[in-house]
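The values are calculated or read from the model by the stated rules, or taken from the named source; none is laboratory data. Please read these numbers as outputs of a predicted model, since none were measured by experiment. Quick reminder, even Gly has a Cβ in these numbers, built from the backbone with ideal geometry, and neighbours come from all protein chains shown. With ligands, DNA and RNA removed, areas are computed over all heavy atoms of the protein, side chains included. Shrake-Rupley method; radii C 1.70, N 1.55, O 1.52, S 1.80 Å.
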Number of protein chains: 4
Amino acid sequence: MSSVPETMRVSVLRGVEDLAVEERPVPTPGPDEVLVQVGSVGTCGSDVHYYRHGRIGDFVVREPLVLGHEAGGHIVAVGADVPSSRVGERVSLEPGIPCRHCEMCREGTYNLCPDVRFFATPPIDGAFCEYVTLAADFAYAVPNDMSDDAAGLIEPLSVGVWANRKAGVGVGSSVLVAGAGPVGLLVTQVARALGASQVIVSDIDSTRLERASAAGATDVVSAGEPLPEGISVDAFVDCSGVTAAVTAGVPRVKPRGAVVLVGMGADEVALPVPVIQNRELVVTGTFRYANTWPQAIALASSGEVDLDSLVTAHVDLDHVVDALAPDPGAHHVKIMVRPGGV
Amino acid sequence: MSSVPETMRVSVLRGVEDLAVEERPVPTPGPDEVLVQVGSVGTCGSDVHYYRHGRIGDFVVREPLVLGHEAGGHIVAVGADVPSSRVGERVSLEPGIPCRHCEMCREGTYNLCPDVRFFATPPIDGAFCEYVTLAADFAYAVPNDMSDDAAGLIEPLSVGVWANRKAGVGVGSSVLVAGAGPVGLLVTQVARALGASQVIVSDIDSTRLERASAAGATDVVSAGEPLPEGISVDAFVDCSGVTAAVTAGVPRVKPRGAVVLVGMGADEVALPVPVIQNRELVVTGTFRYANTWPQAIALASSGEVDLDSLVTAHVDLDHVVDALAPDPGAHHVKIMVRPGGV
Amino acid sequence: MSSVPETMRVSVLRGVEDLAVEERPVPTPGPDEVLVQVGSVGTCGSDVHYYRHGRIGDFVVREPLVLGHEAGGHIVAVGADVPSSRVGERVSLEPGIPCRHCEMCREGTYNLCPDVRFFATPPIDGAFCEYVTLAADFAYAVPNDMSDDAAGLIEPLSVGVWANRKAGVGVGSSVLVAGAGPVGLLVTQVARALGASQVIVSDIDSTRLERASAAGATDVVSAGEPLPEGISVDAFVDCSGVTAAVTAGVPRVKPRGAVVLVGMGADEVALPVPVIQNRELVVTGTFRYANTWPQAIALASSGEVDLDSLVTAHVDLDHVVDALAPDPGAHHVKIMVRPGGV
Amino acid sequence: MSSVPETMRVSVLRGVEDLAVEERPVPTPGPDEVLVQVGSVGTCGSDVHYYRHGRIGDFVVREPLVLGHEAGGHIVAVGADVPSSRVGERVSLEPGIPCRHCEMCREGTYNLCPDVRFFATPPIDGAFCEYVTLAADFAYAVPNDMSDDAAGLIEPLSVGVWANRKAGVGVGSSVLVAGAGPVGLLVTQVARALGASQVIVSDIDSTRLERASAAGATDVVSAGEPLPEGISVDAFVDCSGVTAAVTAGVPRVKPRGAVVLVGMGADEVALPVPVIQNRELVVTGTFRYANTWPQAIALASSGEVDLDSLVTAHVDLDHVVDALAPDPGAHHVKIMVRPGGV
């Protein structure tokens, strides 16, 4: 561990819109853990929300918190029970470590573990820093030709993989995606990679719709107007969290189809129960993901999903504020934080 | 076919609250059909609704309509392509014949066939009459010791089987059932037969709750008050169609659990999207059933489900009005119409 | 129907290795049927087997039989219950019409219908002729830029789709395919289209292995030697029917993996029960396919699967023998019969 | 922990047919573990096999080994991370602790974890002793009215639950069970509890067949003769490990049916591939179980499965040899070892 310094630089959220870089000890990996030098970390809507509001629902930032949970890097040290051959391995980090003991964990749905410890969710620190420790099995090897940015963006890609699994997307599927932010773009890319013949994306922003087309959408529609007649899909994936988008989308789903609610928004949405009944629609939501990293890495490695194209800017630890509160006119998709410098 | 008369008596709905008995020709079975002498027919909420309002949603009674779709009886004649050995067979009738050619039919979800012809749904006549024809494969043999009443009630039992399938009920499951009408009671009985350890039934009517207890509910709760603390279930099956019951029930479902909307009610219900997301609940509805008769007959034959106990009165064809508009104080569950006389 | 002649030319198998072209009446479509002018028909191993041996298992050619069941063409007439707008539609034919009434049909597994009527399976005639009738819902529209050859080869592609479904192949899967004949090549192409990261193909013939590589195999191995060390896959699909290939492949499947037996060969194969148990392998076989045409057409339309590249020769009705008994040194993959002339 | 002594008595297998009682330190529970005072432990065929042969396949008894893995008892002490309120809890022990970190564990199929530590499997000691430690989450609370014997026999019941899950048994199923030893009897009881209408059990021993009838078999057949004509089932579960039973059973499975190989026997069994293909049978095996304890406890608690009736004798630690090498004429089903005395 000779090359690992004793202290590191960390971007800390001390309060609402109060970020500072601190010097902290580099953590020591536990027996089952690895120490990862962070190469790149994506900025997510939840990071922005904590920065602006200091809370998301019941999760309140009471102590200084390190944000960032979309991280790629490489292993620089390992705990006693981890093969030392992993040192040097380039990895993508799955940022939520479940308890491994509850019913949810043992049955394979560990994303629903009530005791999961998730990066950048109070009181667990995230990855806007130079080094993090993580359970060894949640640090996944990536090919050497995958960038650190892409390794970090395996996390939002996993959101897209999970949403598509819930939606049952496959060869020949038709899918309506509401919202062309990063998640909507990744849901679109994954749907196409899985063989969907038709992926219709709606958004109010024409720049975002252009990006959706580039991501493989077969049709794009303006969310400012009623959905065109004739749209009828096997699955509707809401990535907008906008009530109007949800209520517009549900009636366009065919019998037996799926409605997957990914975007966060209103506490309640009025859903058309007779439509759900008469078509036996399956309505569900997603909470993070489980067992998605291998497939997400496969999709990014094969080139079927392009993660690097989502990156529109890089910042270093001293400029995390520029990632969390960017110029709104700049139409960023993903701003990456590079703790080692841009 | 010597024993089959040329004409028969039929109870016809001629308009809102306008029933009359008419004499009509006995129908002739097509090549793939059987002619069934109807022994007993249950009265369903949809029959009552057509009687009172002349329509259900888009289905409007424009021509005289024969009601009744929960029928048992015995085969008295067969079409050219049906083995004559079936004459004399006692049968339960599945009352909806799908087109057999569309995608839904070919993939086994024939209840969603857009061209299904369903008894007592305009313009298709039902079974409040002495004889009906039916596709031979939708007339299922029942054991000789099963009553005609029970043979007819295999239909609502199928609703209960289907709801439990959608809810994923099995050994050790906990289930909350809202509404203790006939369907709620059957959902309860089936859940217990499938091994559910806990079945909690809510209703506003204490007589109905007593029936729920007799049907195997492990707990009953008054729907007039908030659900007690601590109720947490694997599945919630709404058989009430009451918005307040739905909104009360959903938050009581555990992570990964199912919400199955069986009861018909409001056109829209406000559902708590964050709960659906954070727990990845699966919300769906039921539209009739598919491929349920064999299991329903098995449950009724083995005694695990008791159908005869649901029957609270019998009427003949001249008194169908008493089945469709009974004394509300009598707390009927199922009134059976016996075309051949009570 | 003015353009449809009264008689047509038909290639008839009159006995073992006895083919002749006869003039027969053009059939008339039933109410639910279409009349298809056959554009191209693939030659399958079963056709070759009937030609050489006059039987396959219990199916014996007792009367003159028309072979050919991989057919594409266009609709020239329709029955009374089929929209006349379908005349002119280019179609791929699913060659087995199930009874639509049995348990298998109603539950969506119509390939297991005991009363299926399948082209070129005694006593049902096939498609080596100018015109055939078929149930309208089993004639699937194909894009205008799909060739008649490809429309016909949707049938063997369906075999590949079905095998991959049974094998559970998806993004990141590893698959071992034994046998690089037409079916093995299509299983390989489909596996890759579904996102398999690794598809290893074994065969004894180096020409076939070259074709496997062209079809997307990531590795090819000679079946004449033991499988190399280190091969460990999620699924093994046998398309060879060779006992040695099956027994070599099964032990290479990972825990929870699938073994799918597609190739026909020995009546019994000794399988390693402790391996099946200790890894909880799932071993199954395929019998034709069900509900595969839409996905197969989607795969061929999108270009993810290339069917035209499988075609190595064309013959007309007078030269069907050249398709059924080709020069073995020519290494044909698919020889297409074009009833209208090459 | 005042009531827990420092040493305990342990029955140790020192070599082939060489058992001795030793005094050993009572183990100390780790942070996530509980210390259980063992009330009763079933004797399994694998215990007998180790006693007689000193090995099962690759698992060889090289060091003294404690046998016994079907254990019930009560918690007498807990580790630091376990609620102290669990002291006194009566429990059934799931005897295999997986690594919780591998792909199999994280996806919910922890029985296939390559690093599982399983009681009484070299070099892991089992439960023929007064006290054992176990991961807290693998010690499941049982109702107070469940006997220690039954708490121990939840383990073989889990084998039966798992086999029935693999076989897809449900309401109305027909099942053929080969072998009426303890596992066959439990598979039978579970199948009936799940609603199977027909459970046919075969065995060569008439005493065992009588027990099968008492366990709920609807038919029993002598395995010494060919299976009677007309047996046709949805699932065949082999609990005999006898090649002739397997080869007799497979052809009796209906299309789409399941073959589940539970019994251990020959290294290879010749299976009829054309039958597997033409009927698309699913053949699989079981390796222990995963996530079965809650359902097994529910079945035993509700009385749907009767475990106590399987117990035919009790022995104390000094007489374990009588459990492992009983009088073969005594027709024992389950002999329970009671470390605290009979």
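Return the residues of the range D:162-184 that are closer than 16 Å to D:GLY241 by Cα and part of a helix (DSSP H, G or I); say none if nothing qualifies. If you could, list the steps in order and put the result at the bottom.
Going residue by residue through the range D:162-184, those that are closer than 16 Å to D:GLY241 by Cα are D:163, D:176-184.
Answer for the range D:162-184, where residues must be closer than 16 Å to D:GLY241 by Cα and part of a helix (DSSP H, G or I): D:ALA163, D:PRO182, D:VAL183, D:GLY184.
Return yes when C:ASP322 is at negative phi, touching a strand residue (DSSP E or B) at 6+ places or on another chain (Cβ under 6 Å) and more than 14 Å from every other protein chain (Cβ to nearest Cβ) and no when it is not. When the stated conditions are applied, C:ASP322 passes them. Look at the range A:299-312: where a residue is free of Cβ contacts under 8 Å to residues at least 60 places away in the same chain and a partner is assigned to a helix (DSSP H, G or I), sitting 6+ places away or on another chain with Cβ atoms under 8 Å, you get A:THR312/A:ALA330.
Evaluating B:VAL305 against the criteria (1) among the hydrophobic types (A, V, I, L, M, F, W, C); (2) more than 21 Å from B:ASP148 (Cβ to Cβ); (3) within 14 Å of another protein chain (Cβ to nearest Cβ) leaves one unmet condition, (2).
Quick one: is A:HIS74 within 12 Å of chain D (Cβ to nearest Cβ) and open to solvent by 10 Å² or more (accessible area, probe 1.4 Å)? For A:HIS74, the condition - within 12 Å of chain D (Cβ to nearest Cβ) and open to solvent by 10 Å² or more (accessible area, probe 1.4 Å) - is not met.
For the range D:137-146, how many residues meet the condition of being assigned to a strand (DSSP E or B) and open to solvent by less than 10 Å² (accessible area, probe 1.4 Å)?
Within the range D:137-146, the subset assigned to a strand (DSSP E or B) is D:139-141.
Subsequent filtering for residues that are open to solvent by less than 10 Å² (accessible area, probe 1.4 Å) retains D:139.
Of the residues in the range D:137-146, 1 are assigned to a strand (DSSP E or B) and open to solvent by less than 10 Å² (accessible area, probe 1.4 Å).
When the residues of the range A:1-22 are filtered to those that are in contact with a strand residue (DSSP E or B) (Cβ under 7 Å, 6 or more places away or on another chain) and not in a strand (DSSP E or B), the one that is least open to solvent (accessible area, probe 1.4 Å) is A:VAL4. Consider the range C:157-170 and keep the residues that are surrounded by fewer than 24 Cβ atoms within 10 Å (Cβ to Cβ) and within 14 Å of chain A (Cβ to nearest Cβ). The one that is farthest from C:HIS69 (Cα to Cα) is C:GLY170. When we screen A:ARG86, A:ARG90, A:ARG52, A:ARG24 for residues that are over 30 Å from A:GLY160 (Cα atoms) and in contact (Cβ under 8 Å) with a residue 24 or more places away in the chain, the only hit is A:ARG24.
In the range B:51-64, the qualifying residues are those that are touching a helix residue (DSSP H, G or I) at 6+ places or on another chain (Cβ under 7 Å) and aliphatic (A, V, I, L, M), and the one that is nearest to B:ASP125 (Cα to Cα) is B:VAL61. Which of the residues that make up the range C:77-91 are farther than 11 Å from C:PRO31 by Cα, open to solvent by 10 Å² or more (accessible area, probe 1.4 Å) and not acidic (Asp, Glu)? Matches in the range C:77-91: C:SER84, C:SER85, C:ARG86, C:VAL87, C:GLY88, C:ARG90.
Determine if the range B:91-100 includes at least one residue that is on the phi > 0 side of the Ramachandran plot and either away from chain C (no Cβ under 14 Å) or among the β-branched types (Val, Ile, Thr) (or both).
Quick first cut of the range B:91-100, residues on the phi > 0 side of the Ramachandran plot only: B:100.
With the extra rule that they be either away from chain C (no Cβ under 14 Å) or among the β-branched types (Val, Ile, Thr) (or both), the set shrinks to none.
No, there is no match, as no residue in the range B:91-100 is on the phi > 0 side of the Ramachandran plot and either away from chain C (no Cβ under 14 Å) or among the β-branched types (Val, Ile, Thr) (or both).
No other residue among A:VAL48, A:VAL36 is among the aliphatic types (A, V, I, L, M), crowded, with 20+ Cβ neighbours inside 10 Å and out of contact with any Pro (no Cβ under 7 Å at 6 or more places or on another chain) apart from A:VAL36.
Given the residues A:GLY249, A:GLY257, A:GLY263, which is the only one that is within 21 Å of the chain's Cα centre (by Cα), of a type outside the set (S, T, N, Q) and buried (at least 21 other Cβ atoms within 10 Å of the Cβ)? Outline the logic, then answer.
On the way: A:GLY249 fails: within 21 Å of the chain's Cα centre (by Cα); A:GLY257 fails: within 21 Å of the chain's Cα centre (by Cα).
One residue alone meets the criteria, A:GLY263.
Residues in the range D:163-197 that are at positive phi and touching a Phe, Trp or Tyr at 6+ places or on another chain (Cβ under 9 Å): 0 in all.
Listed by position, the helices (runs of 4 or more DSSP H) inside the range B:185-296 whose residues that are of a type in the set (Gly, Ala, Ser) and within 14 Å of chain A (Cβ to nearest Cβ) number at least 3 are B:243-249. Among the residues of the range A:221-254, just one is of a type in the set (Asp, Glu), over 12 Å from A:VAL201 (Cα atoms) and in contact (Cβ under 8 Å) with a residue 40 or more places away in the chain, namely A:ASP234.
Restricting attention to the range B:97-107, the residues that are surrounded by fewer than 22 Cβ atoms within 10 Å (Cβ to Cβ) and touching a strand residue (DSSP E or B) at 6+ places or on another chain (Cβ under 7 Å) add up to 1.
Residues in the range D:151-165 that are out of contact with any Ser or Thr (no Cβ under 8 Å at 6 or more places or on another chain) and within 16 Å of D:HIS314 (Cβ to Cβ): D:LEU153 only.
How many of the residues in the range B:23-43 are in a strand (DSSP E or B) and under 26 Å from the mean Cα position of the chain (by Cα)? Result for the range B:23-43: 10. Total residues in the range D:108-123 satisfying the condition of being in a loop (DSSP other than H, G, I, E, B), open to solvent by 10 Å² or more (accessible area, probe 1.4 Å) and either more than 13 Å from every other protein chain (Cβ to nearest Cβ) or among the hydroxyl-bearing types (Ser, Thr, Tyr) (or both): the figure is 4. Report every pair of residues separated by at least 6 positions or lying on different chains whose Cβ atoms are under 9 Å apart, first residue within the range C:326-342 and part of a helix (DSSP H, G or I), second modelled with pLDDT of 95 or more. Here the result reads C:ALA330/C:THR312; C:ALA330/C:ALA313, each pair linking the range C:326-342 to a residue that is modelled with pLDDT of 95 or more.
In the range D:6-21, which residue that is without any contact (Cβ under 8 Å) to a residue 60 or more places away in the chain and over 17 Å from D:ASP322 (Cα atoms) is farthest from the chain's Cα centre (by Cα)? It comes out as D:GLU6.
From the list C:LEU153, C:LEU209, C:LEU134, C:LEU176, pick out the single residue that is open to solvent by 10 Å² or more (accessible area, probe 1.4 Å) and in contact with a strand residue (DSSP E or B) (Cβ under 6 Å, 6 or more places away or on another chain). Quick ask: steps written out before the conclusion?
Numbers: C:LEU153 fails: open to solvent by 10 Å² or more (accessible area, probe 1.4 Å); C:LEU134 fails: open to solvent by 10 Å² or more (accessible area, probe 1.4 Å); C:LEU176 fails: open to solvent by 10 Å² or more (accessible area, probe 1.4 Å).
Being open to solvent by 10 Å² or more (accessible area, probe 1.4 Å) and in contact with a strand residue (DSSP E or B) (Cβ under 6 Å, 6 or more places away or on another chain) holds for just one of C:LEU153, C:LEU209, C:LEU134, C:LEU176, which is C:LEU209.
Here B:VAL321 passes the criteria (1) part of a loop (DSSP other than H, G, I, E, B); (2) open to solvent by 10 Å² or more (accessible area, probe 1.4 Å); (3) over 19 Å from B:SER202 (Cβ atoms) except the one numbered (1).
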